[in-house]
């Protein structure tokens with residue numbers, strides 16, 4: 001396989017091993033020869049590295065010492081949602097060949113059905129919406145109120161949630177996006193409830209609050225926010241209806257194949273059975 005360096009898929013996979021990443025990698029390599037870079041922890045297993053080599057996956061070892069201390073955060077696996085943006089910057093800056101397009105994505109709960117880069121996006125920066133408004137999701141409400149505050153929340157609460165797990169754009173726009181994410185995660189650290197501090201509860205990923213704040217506060221000039229039901233990337237958490245073609249591929253409302261499915265492991269039918277069987281397919 002000859003890797004296509006014109007496109008890059010970049011993902012933080014800290015704490016994950018082959019069993020967590022095989023659905024992502026196997027499904028991707030069925031449809032794409034694009035470059036992949038995973039950020040991984042120093043305790044990555046030998047088997048995982050061997051699989052990376054076999055599937056031609058590049059990786060960078062995450063090191064605590066390279067990260068600046070954000071108030072309220074520690075350098076731990078639970079903070080990867082916030083930390084990943086500052087991790088992305090030096091990786092992208094040091095690339096010998098700059099990719100034309102970049103997909104920033106989660107890893108463990110992502111599967112590929114077709115090559116996302118084959119789709120022609122009209123704008124240089126693309127965000128992907130969920131099937132729910134911010135105000136109706138308690139976590140997103142909390143992430144916004146406890147970072148940028150109630151006043152900002154009130155202004156943007158009726159917009160659809162934009163998922164921070166998938167963002168696609170050209171090199172320049174992605175660099176601008178991740179630098180703004182890093183900067184604002186420092187400016188607006190998460191204000192943890194006292195009970196969480198006392199109980200030593202881990203900080204959950206809250207970067208999506210900052211992500212939505214930037215999008216709906218007009219920090220970007222030339223973007224497109226793709227509605228979940230007609231997009232090329234779907235986030236399934238709030239999806240209720242699922243349609244498949246004869247090959248078993250998930251379709252959007254335009255009868256097009258979704259290129260990327262995110263959060264597939266959160267989707268169940270009324271009887272409790274999972275909608276997707278990727279664990280069996282890619283075992």
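Since every read-out is calculated from the coordinates, none of them should be taken as a lab result. Remember, predicted model here, so these are calculated numbers, not experimental data. When we count neighbours, we look across all protein chains shown, and the Cβ atoms used for this are built from the backbone with ideal geometry, even at glycine.
Figures for the structure shown
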read-out: Neighbour-count order for 119, 262, 211, fewest beta carbons within 10 angstrom listed first; value: 119, 262, 211
read-out: Sites residue 4 and residue 91, calculated FRET efficiency, Cβ-Cβ separation with R0 22 Å, nearest 0.05; value: 0.80
read-out: Likely footprinting exposure, 238, 62, fewest C-beta neighbours within 10 Å first; value: 238, 62
read-out: Over segment 212-283, equivalent-ellipsoid semi-axes from the Cα gyration tensor in Å; value: 27, 14, 11
read-out: The chain - mean residue ellipticity at 222 nm from DSSP helices (-39,500 (n - 2.57) per run, n ≥ 4, rounded to 500); value: -9000 deg cm²/dmol
read-out: Ranked list, fewest to most other Cβ atoms within 10 Å of each Cβ, for 255, 79; value: 255, 79
read-out: Sequence-separation-based contact order of segment 1-153, relative, with Cα cut under 8 Å and 6+ spacing, percent; value: 32
read-out: Ratio Rg/Rh [Cα only; Rh per Kirkwood] for the chain; value: 0.94
read-out: Antiparallel bridges, percent of DSSP beta bridges restricted to segment 4-281 (to nearest 5); value: 45
read-out: D_trans [Stokes-Einstein, Kirkwood Rh over alpha-carbon pairs] for segment 162-262, 10 °C, 1.306 mPa s, µm² s⁻¹; value: 98
read-out: Difference of contour (0.36 nm per residue) and Cα-Cα distance, residue 251 to residue 172; value: 25.3 nm
read-out: Segment 101-226: mean projected area of Cα convex hull, nm²; value: 8.6
